[in-house]
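Shown next, in structure tokens, is the structure this report addresses.
The values are calculated or read from the model by the stated rules, or taken from the named source; none is laboratory data. Being a predicted model, the structure only gives us computed values, none of them experimental. Using ideal geometry, Cβ is built from the backbone for each residue, glycine included, and neighbour counts are taken over all protein chains shown. Note: accessible area is taken over every heavy atom of the protein model, side chains too, but ligands, DNA and RNA are not part of it. Shrake-Rupley method; radii C 1.70, N 1.55, O 1.52, S 1.80 Å.
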Amino acid sequence: MALVGFVAHIGLVYVLIGNPKIRYGIENKFFTVSEKNKKNSAEIQEEINASFGKWTPKYINQLGENKILVNGREFPDLTSALDALRDGDTLELGAGVYKTPLFIRKNGITVVGRGHVIFDGAVAGGKGAIVIKGNSATIDNIECRGIKVPDQYGSCVRLEGGNLLLNHVYFHDSEQGLLTGKQPELVKIKDSRFELLGRRGKSHGIYVGVGGELYI
């Protein structure tokens, strides 16, 4: 038993030292950040950029800037559009930076960015930019950034219903990417990017509760 424990510890030390990303995180947390560490961080970011390139929206200027439609009907702001949602509706957003969060209570709602749509620092109920209590939601072509809340679990999407499809989303520079509350039935993620998420060790790019199914 002692031998097994010794081998396990040696393996853990090897993983921590051998992985430059993990090593940098430990050095950054417990030691003064040196110029070498800063260089390592820059090199990691360069490697990410070289591997993935810049995220771009798949729909470009299909609506006027900041234009908001529910099933083709225009609304002056997100608050009134959300109040008008009924099961199965489609919410379309024109290009722009949105500071108002989405709180979705209905079922079968589709949210589509019809241009470069960014949710920046928008928080609903102290939870996240898009809080979904309904079932079978779809979020399509949306960028989300800058989500922070007091408990440090601020998410781009907080799923408290069941079944979700994320398609061509870019979640970054926030405390969490996707965080589920109640046990979801099925989460599907297609053609999406999660980057630079987490704060002080509470880091989840994608967190799906026990019993849920996740397909990427």
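Observations
- All conditions in (1) surrounded by 18 or more Cβ atoms within 10 Å (Cβ to Cβ); (2) closer than 14 Å to residue 132 by Cα; (3) hydrophobic (A, V, I, L, M, F, W, C) hold for residue 206, with the sole exception of (2).
- Count - residues of the stretch 144-179 that are within 17 Å of residue 111 (Cβ to Cβ), touching a Phe, Trp or Tyr at 6+ places or on another chain (Cβ under 9 Å) and open to solvent by less than 10 Å² (accessible area, probe 1.4 Å): 9
- Some residue of the stretch 80-93 being within 15 Å of the chain's Cα centre (by Cα) and within 18 Å of residue 169 (Cα to Cα): no
- Checked against the criterion of being more than 20 Å from residue 79 (Cβ to Cβ) and at pLDDT 95 or above, the candidates 171, 119 yield just one match: 171.
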